[in-house]
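So the structure is just underneath, and the comments pick up after that.
The values are calculated or read from the model by the stated rules, or taken from the named source; none is laboratory data. Everything numeric here is computed off the predicted structure, so don't read it as measured data. Neighbour counts are summed over all protein chains in view; Cβ atoms, including those assigned to glycine, are modelled from backbone coordinates with ideal geometry. Each accessible area value is taken on the protein alone, full model and side chains, heavy atoms only, with ligands, DNA and RNA left out. Shrake-Rupley method; radii C 1.70, N 1.55, O 1.52, S 1.80 Å.
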Amino acid sequence: HGNADIGGGKSELATEYLAGKGVTNYVYDPYARPEGVEEAVEKIHGGQADTATLSNVLNVIKEKGARRRVLQQANDAVKDGGEIYITVYYDRSKKEGPTSKGYQLHRPLKAYKDEISEVLDIDEDASTASMIVAKPRKATALGSGIMFGPESADLFPADEGDAEFAEIMETKGW
């Protein structure tokens, strides 16, 4: 089994945990692991992964369009019938804004449901307050094969403000 870890960061904790469960974790993170992008894309694009994780990823992306592209990447990576697991970091005592490591939206998971449901099919029965479980929506309305490849290594080309966000991420080593 293979998992597409979209925005997986530098830590090996998820990879080690999943290996113990017999799952190979392919980390796709052009900011934290630019050297591993090509291999990850080769292993996950076009529905090759059984599952995908977006663990504390949506909450660090300021622009809605960039969050949508990350969701589309998960949709592209997971085969029909697979599952996508989404979590976010949220501290209700803090406000949205720049942090020492980039940006933080500080929104509860439920605040992302509308955006997620624009791209993926949320499994309400399997989801919890701390994790959304979704199913991929294949080529019908979204097109196919649009998110992975050398031209998509930069997740943030289109929206105003994306260049600033990408620069912050690179400066902070993310």
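Data table
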| read-out | value |
| --- | --- |
| Residue ID - nearest to Thr51 (Cα to Cα), chosen from residues in region 17-32 that are open to solvent by less than 50 Å² (accessible area, probe 1.4 Å) and within 14 Å of the chain's Cα centre (by Cα) | Asn25 |
| Filtered residue count, region 17-48, keeping only those that are among the charged types (D, E, K, R) and not in a helix (DSSP H, G or I) | 3 |
| Residue list for region 39-70, filter: touching a residue at least 60 places away in the same chain (Cβ under 8 Å) and surrounded by fewer than 18 Cβ atoms within 10 Å (Cβ to Cβ) | Gly46, Lys64, Gly65 |
| Search result, residues across region 71-97 that are more than 18 Å from Tyr26 (Cβ to Cβ) and open to solvent by 40 Å² or more (accessible area, probe 1.4 Å) | Asp80, Gly81, Tyr89, Tyr90, Arg92, Ser93, Lys94, Lys95, Glu96 |
| From Val27, Val23, Val37, Val41, residue being aliphatic (A, V, I, L, M) and in contact with a Lys or Arg (Cβ under 7 Å, 6 or more places away or on another chain) | Val27 |
| Hey, Ala14 farther than 21 Å from Ile61 by Cβ, open to solvent by 30 Å² or more (accessible area, probe 1.4 Å), part of a helix (DSSP H, G or I) and not charged (D, E, K, R) or not | no |
| Meets criteria (in contact (Cβ under 8 Å) with a residue 40 or more places away in the chain, surrounded by fewer than 19 Cβ atoms within 10 Å (Cβ to Cβ) and over 18 Å from Lys135 (Cβ atoms)) for Ser100 | yes |
